[in-house]
Amino acid sequence: MEFEQQKDSPSPLRVGLIGNPVAHSYSPRFQQAAFDTCGIPARYELWQTSAIDLPARVASLLAPQALGANVSIPYKEGGSP
């Protein structure tokens, strides 16, 4: 799993859905359309993330190109009161 931003070329801000599984999600269609319509230079991605990779995925959100993330099953169940 790649978490680091390429330093050679400028790239859009990154936003993603963290979960396992995420392939079924419609979020990228809606989120990307909103970014494009509003002129926000961001790319919405699906971040299939296993439990063992979750800490590294969350830490990757501190990267300068990381705009944010949404969290899905199973992780949102453990993260909300």
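So which residues in region 24-49 are assigned to a loop (DSSP other than H, G, I, E, B) and over 14 Å from the mean Cα position of the chain (by Cα)? Across region 24-49, the qualifying residues are 24, 39, 40, 41. Just one of the listed residues (12, 28) is in contact with a strand residue (DSSP E or B) (Cβ under 7 Å, 6 or more places away or on another chain), at pLDDT below 95 and surrounded by 13 or more Cβ atoms within 10 Å (Cβ to Cβ), namely 12. Taking region 50-81 as the range and being more than 13 Å from residue 15 (Cα to Cα) and either in a loop (DSSP other than H, G, I, E, B) or in contact with a helix residue (DSSP H, G or I) (Cβ under 7 Å, 6 or more places away or on another chain) (or both) as the test, the residues that pass are 50, 54, 72, 73, 74, 75, 80, 81.
Just one residue in the set 72, 50, 60 is closer than 16 Å to residue 22 by Cβ and exposed (fewer than 10 other Cβ atoms within 10 Å of the Cβ); that residue is 50.
The values are calculated or read from the model by the stated rules, or taken from the named source; none is laboratory data. These figures come from a predicted structure and were not determined experimentally. Every residue, glycine among them, receives a Cβ derived from its backbone with ideal geometry; neighbour counts consider all protein chains shown.
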